[in-house]
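Working notes for the structure below.
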């Protein structure tokens, strides 16, 4: 089987300083900060990034790419603008991140808007059409270290499952020389919970052409609020620390074609899957992250590195497109995607 193979240096798209990719049921906004932008941050205690009048949504997830401050830390807050009234709700504290601190927060309110560690959730009768993301500097954390803020909003009422046949004609692609790492052989009692850092470390190792230890990566993304290694924004934040030549974004992709377009640009994609995947080493009922590196048009299979296999040699695996789509859809197509910075 011949695959279309790309080097990582080519076929990148250029984005404006603030960009939005309209995706029907989901939309991702990015605010990128250049050196000239950060001059206005002098003597400020907080900065914000906002959008309003956008497609209505009932979930918001966020991420940041920041050079970790040596002193101080940042606190992230969000408040939604409710579509029914065009009025903003209350502030929700999302996370603390910086020097010697790494913690997300949870504000549960039955039947009302809640922030749950990695996502802002709204009941369907309180859809939002805007947001303000606020970043506060604590103990003189330097705002000039901020390089990108990302927000993904989604309306799950518009989410639709896909027909695998729609993608049978996509050209084959395989990204070579991506390291293979099993989380199961990591020398730690929590290794079975380290799928996200293991998958992300493989991605970063490929991009930097340097080996990055998955166990060390995991220790650097542990969320002391959630009590887990799989906190989405902490994984992408540390990936940026290791590889500042790229932006790392937590998002939900519209469909498989969007994933395939990243592969065609030579960029692997970390995705979340849930439930049963035929030929997988186990069922992923609590969710699992894998690294997608290609697509086989002839066999109709997705090529990936699945860290749940028990040896490094077995990590490369191929999943039938139909079973992959079902498992990815159960995670609402959550993905970590990469852009050249």
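Quick notes on this structure:
- Every listed requirement among (1) closer than 23 Å to residue 247 by Cβ; (2) in contact (Cβ under 8 Å) with a residue 40 or more places away in the chain; (3) crowded, with 16+ Cβ neighbours inside 10 Å; (4) out of contact with any helix residue (DSSP H, G or I) (no Cβ under 6 Å at 6 or more places or on another chain) is met by residue 88 save one, (1).
- Condition met for residue 201 (assigned to a helix (DSSP H, G or I), on the phi < 0 side of the Ramachandran plot, in contact with a helix residue (DSSP H, G or I) (Cβ under 6 Å, 6 or more places away or on another chain) and in the same structural domain as residue 291 (by TED's automatic domain parsing)): yes
- Search result, residues across the stretch 309-320 that are over 15 Å from residue 269 (Cβ atoms) and surrounded by fewer than 23 Cβ atoms within 10 Å (Cβ to Cβ): 309, 310, 311, 312, 313, 314, 316, 317, 318, 320
- For beta carbons closer than 8 Å, sequence separation of 6+ or different chains, a first residue in the stretch 32-47 that is surrounded by fewer than 16 Cβ atoms within 10 Å (Cβ to Cβ) and a second that is assigned to a strand (DSSP E or B), the qualifying pairs are 44/137; 45/136; 45/137; 46/134; 46/135; 46/136; 46/137.
- Only one of the numbered conditions (1) farther than 16 Å from residue 252 by Cβ; (2) modelled with pLDDT of 95 or more is violated by residue 28, and that is (1).
- Residues considered: 289, 303, 334. Of these, the only one that is under 22 Å from residue 179 (Cβ atoms), at pLDDT 95 or above and within 15 Å of the chain's Cα centre (by Cα) is 289.
- Residue that is nearest to the chain's Cα centre (by Cα) [pool: residues in the stretch 172-197 that are in a helix (DSSP H, G or I) and over 27 Å from residue 257 (Cβ atoms)]: 197
- Within the stretch 222-251, the set of residues being within 27 Å of residue 190 (Cα to Cα) and either at pLDDT below 95 or assigned to a strand (DSSP E or B) (or both) comprises 223, 228, 248, 249, 250, 251.
- Filtered by the rule that a residue be under 18 Å from residue 163 (Cβ atoms) and touching a residue at least 60 places away in the same chain (Cβ under 8 Å), the stretch 309-325 gives 321, 322, 325.
- Yes/no for residue 79 being farther than 27 Å from residue 235 by Cβ and free of Cβ contacts under 8 Å to residues at least 60 places away in the same chain: no
- Boolean, residue 229 is surrounded by 19 or more Cβ atoms within 10 Å (Cβ to Cβ) and in contact with a strand residue (DSSP E or B) (Cβ under 6 Å, 6 or more places away or on another chain): no
The values are calculated or read from the model by the stated rules, or taken from the named source; none is laboratory data. Worth saying up front: this structure is predicted, and the values here are computed from it rather than measured. Cβ: placed from backbone, ideal geometry, glycine included. Neighbour counts: every protein chain shown.
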